[in-house]
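> Have a look at this one.
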Amino acid sequence: MLKKIAPSQVELGMFVHKLEGSWLKHPFWKSRFVLDDTQTLADLRHSEIDAVVIDISKGRDVEPRPRGEAGEAPVRRVFSPPAQAPSARRRPLVSHDDKPDFASTARTGMAREFGMAQTVAKRGEKLVSKVFLSSRLGKAVNATEVEPVISDIFASVQRNPHAFNGLMRCKRDNQFIYQHSLAVSALMISLGKTMKLGPMMIRSAGMAGLLLDVGIGHLPINLDECDGDYREFGDALLRNHTTLGYDYLRMGGDIPEDVALVALQHHERMDGSGYPAGLKGDQISVLSRMAAICDTYDMLVTDSSRRRGLDPATAIVEMSEMDGKFDPEILSAFVEAVGAYPIGSVVRLASDRLALVVDQDPADHRMPRVRTFYSVALRKMIQPEDIQLAHCFGRDSVTGLADPDAYGIPDFAKLRLRLFTAASKAAG
């Protein structure tokens, strides 16, 4: 049985199941372990994490609370977005090209696009696998091989701006390296559309997202050992992938320079704290500033063997608090693109229910469509109900973010995908 407690409540003998809060705020590489030494106990109590989830079936329970003291799982902090401003008022960061490129595509419903997004994702996985194999073998990647998949992803985003990203967020059975590349590509395209970039630059953004980590294939690591999740090898070994990727993409002379530059600069930060060159502000290309946000977001929300990924809305909060790291104007556009409560987020409603965010309202990213699944008052799963918060006339609203682990909901990753799939079909 899982139980959420404050860091100050941890004791020796407890089994730590999960550490709540940003992975940047604590020194622990493992997220599941028996707390059996005093130094680790002290480090944990004095860390900046929000909460600790313990498994009392595997270790010591917290001391009983005095009678009458509430034991309810806390509601997590939320991002407080400003009122949504019309996208047209955003100051352009670059000059927009007017040359027609992508064909205009009619918008479709979530149900229809969900199925088409699955097909696009499968084709994309094969391409990414081929690119990384080519990288290993020292063969140049051709832009003509990548462009059809970028066009497919762009068309999916055009038909429904959230179906493909929602699929990537809720689908958990892809090898990490494929899922991450496709997710970042789709996020880059969505962000480019929100920023009102021209079609050629959006194409470059999507291609850059797909190829930004291609340098991983040149590192002396065996990706099969970790199911493609190169994060397992640590930053010290991974840092060289930026220069390796840039040199590789330039090798064939076929990949646009602005795309190759993203492979080099996507770990640079606005305050100069990034790598490989410690660039600041406008020294970093616009596409690279976009990629820094999309790449970080997907890294934060994706599970690893050491820790469960953050809830998407929590990741937005974390990134908004990383002062000086990201271009604030582009980050604002990113929040508008994915929503203040992105698809896959778990929210608590005023009606005392937990719900999964399954779609966005195009007029207000603060009022998503949700699918309920759990009653806090009854402490049990309930019959799902779809609610469009922007059109429920105040009968319900988001009061905060919620962690399913704190309510003892088992195997939530599978439940998330079932809820998202069912909601997509119901949307028609």
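The values are calculated or read from the model by the stated rules, or taken from the named source; none is laboratory data. What you are looking at is a predicted structure, and each value in this text was computed from that prediction instead of being measured. Every residue, glycine among them, receives a Cβ derived from its backbone with ideal geometry; neighbour counts consider all protein chains shown.
> Given the conditions (1) over 29 Å from ILE54 (Cα atoms); (2) surrounded by fewer than 20 Cβ atoms within 10 Å (Cβ to Cβ), report the number of the one that LEU378 does not fulfil.
For LEU378, the failing item is (1).
> Among the residues of region 357-367, count how many are under 16 Å from ARG416 (Cα atoms) and either touching a Leu at 6+ places or on another chain (Cβ under 9 Å) or not acidic (Asp, Glu) (or both).
2
> Of all residues in region 205-244 being in a loop (DSSP other than H, G, I, E, B) and among the charged types (D, E, K, R), which is modelled with the lowest pLDDT?
Only one residue tops the list, namely ASP227.
> Further, regarding this structure: Quick one: count up the residues across region 372-424 that are of a type in the set (A, V, I, L, M), closer than 17 Å to LYS4 by Cα and without any contact (Cβ under 8 Å) to a residue 12 or more places away in the chain.
Restricting attention to region 372-424, the residues satisfying the condition of being of a type in the set (A, V, I, L, M) are 376-378, 381-382, 387, 389-390, 398, 401-402, 406, 409, 413, 415, 417, 419, 422-423.
Within this subset, residues satisfying the condition of being closer than 17 Å to LYS4 by Cα are 376, 401-402, 406, 409.
Remaining after also requiring without any contact (Cβ under 8 Å) to a residue 12 or more places away in the chain: none.
Result for region 372-424: 0.
> Kindly evaluate LEU389 against the criterion of being touching a Ser or Thr at 6+ places or on another chain (Cβ under 8 Å), closer than 30 Å to MET290 by Cα and not assigned by TED's automatic domain parsing to the domain that holds LYS193.
yes
> Same structure, new question: What is the residue count in region 398-426 for residues that are crowded, with 20+ Cβ neighbours inside 10 Å and of a type in the set (A, V, I, L, M, F, W, C)?
Of the residues in that region, 7 qualify.
> A further question on this structure: From the list SER351, SER345, exactly one residue is crowded, with 20+ Cβ neighbours inside 10 Å and touching a residue at least 40 places away in the same chain (Cβ under 8 Å). Which is it?
Answer to the selection: SER345.
> Now for a different question. Output the residue which, of all residues in region 245-291 that are surrounded by fewer than 19 Cβ atoms within 10 Å (Cβ to Cβ) and in a helix (DSSP H, G or I), is modelled with the lowest pLDDT.
MET251
> While we're here: Give the number of residues within region 386-422 that are in a loop (DSSP other than H, G, I, E, B) and of a type in the set (Val, Ile, Thr). Full working, then the answer.
If we filter region 386-422 for residues that are in a loop (DSSP other than H, G, I, E, B), which is where we start, we get 392-397, 402-403, 408-411.
Next, only the ones that are of a type in the set (Val, Ile, Thr) stay: 409.
Of the residues in that region, 1 qualify.
> Within region 325-375, how many residues turn out to be in a loop (DSSP other than H, G, I, E, B) and of a type in the set (A, V, I, L, M, F, W, C)?
Of the residues in region 325-375, 5 are in a loop (DSSP other than H, G, I, E, B) and of a type in the set (A, V, I, L, M, F, W, C).
> Looking at region 394-418, which of its residues are more than 18 Å from PRO342 (Cβ to Cβ) and small (Gly, Ala, Ser)?
Those that are more than 18 Å from PRO342 (Cβ to Cβ) and small (Gly, Ala, Ser): GLY394, ALA406, GLY408.
> Right, another one. Among what's in region 194-210 and is aliphatic (A, V, I, L, M) and touching a helix residue (DSSP H, G or I) at 6+ places or on another chain (Cβ under 6 Å), pick the residue that is nearest to HIS266 (Cα to Cα).
Selected residue: ALA208.
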